[in-house]
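Beneath this line is the structure, given in structure tokens, with notes to follow.
Since every read-out is calculated from the coordinates, none of them should be taken as a lab result. Quick caveat: nothing in here was measured; it's all calculated off a predicted structure. In this analysis, Cβ positions are derived from the backbone assuming ideal geometry, glycine residues included, and neighbour counts consider all displayed protein chains.
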Amino acid sequence: MPEDLYEKTTGNLNYYGTSTTGSEPNMRNELINTLDGSFPEVAKKQTGLLRQMRLDSDGELIPCECVDEITHEPDKDRFCPVCFGEGYMWDEAQITFYRTLEDSDIDNILRDKLYKPGLINHPLVVFYVRYSDTIRKHDKIVELELDDDGSVSDPMTRRAIHKISVVWDYRSDNGKLEYYKVFAHDQDVKYLNAPSYEDV
């Protein structure tokens with residue numbers, strides 16, 4: 001007789017644990033436990049920054065004062081201490097996420113990036129973000145330099161910035177938001193961090 005994998009029991013056949021309702025796993029708690037750890041599971045989160053772009057009352061990005069009135073582009077040659085060459089106003093907040101890389105497939109999973117030798121494949125980065133961190137398509141995710149033990153290096157140094165392509169909000173029970181799955185790709189910028197006097 002086959003085992004009923006969905007039967008609620010108190011024995012060893014309860015494949016979904018005692019913290020779930022019915023036979024379905026709580027996906028929100030599953031991601032939180034993945035990020036923060038829940039005995040015996042080890043925390044797998046990585047600390048980074050969410051660059052939240054400021055919007056005006058019409059929902060448009062707010063340009064920085066360094067943007068040229070004619071070309072509508074930021075000054076690429078000089079460092080702007082306000083927007084770091086972004087061209088738009090933003091705020092950064094610390095977040096935690098689980099980061100993975102997607103393999104190539106026919107649906108533009110890999111993007112081409114121009115380097116001096118020519119075009120190379122540039123992988124799509126996927127971030128899993130907890131439900132409480134509101135993230136929008138025009139925001140960006142910034143990776144930080146980490147020490148060997150996973151803690152943020154001191155002083156804090158930005159390592160990479162990722163432009164978001166798609167934000168999927170995963171919902172399950174009655175439309176409850178469980179977590180975000182964010183598809184992004186590395187953005188080539190001149191100033192990830194404020195330059196030192198030697199760099200100027």
5 angstrom amide H check on Ala160, placed H, neighbours 5+ away:
Glu143
Pairwise centroid distance, computed over Cα atoms, of the range 51-90 with the range 139-198, Å
19
So if R0 is 41 Å, what FRET efficiency would Ser172 and Val82 give, r being the distance between their Cβ atoms, rounded to the nearest 0.05?
0.50
Rounded to whole Hz and in sequence order, give me ³J(HN,Hα) for the range 131-136 from the Karplus expression 6.51 cos²θ - 1.76 cosθ + 1.60, θ = phi - 60°, writing x for Gly and Pro.
4, 7, 9, 5, 9, 10
Phi angles of the range 153-161, converted by Karplus (6.51 cos²θ - 1.76 cosθ + 1.60, θ = phi - 60°) into ³J(HN,Hα) in whole Hz with x for Gly and Pro, give 5, 10, x, 5, 10, 6, 9, 7, 10
Dipole magnitude (debye, nearest 20) for the range 28-90, charges at Cβ of Lys, Arg, Asp, Glu:
520
Measure up Lys163/Lys190; Lys137/Lys181; Lys44/Lys137 against 22 Å on the Cα-Cα distance and list the ones that go over.
Lys44/Lys137
Using θ = phi - 60° and Karplus 6.51 cos²θ - 1.76 cosθ + 1.60, couplings along the range 52-61 (whole Hz; Gly, Pro as x):
8, 6, 6, 10, 8, 5, 8, x, 9, 5
In what sequence, highest mean first, do 152-158, 127-133 appear when ranked by Cβ atoms within 10 angstrom?
127-133, 152-158
Taking neighbour Cβ counts within 10 Å as the exposure measure, how do Leu55, Leu49 sort from fewest upward?
Leu55, Leu49
Could you order the peptides 176-186, 30-40 from most to least packed, using the average number of other C-beta atoms within 10 Å per residue?
176-186, 30-40
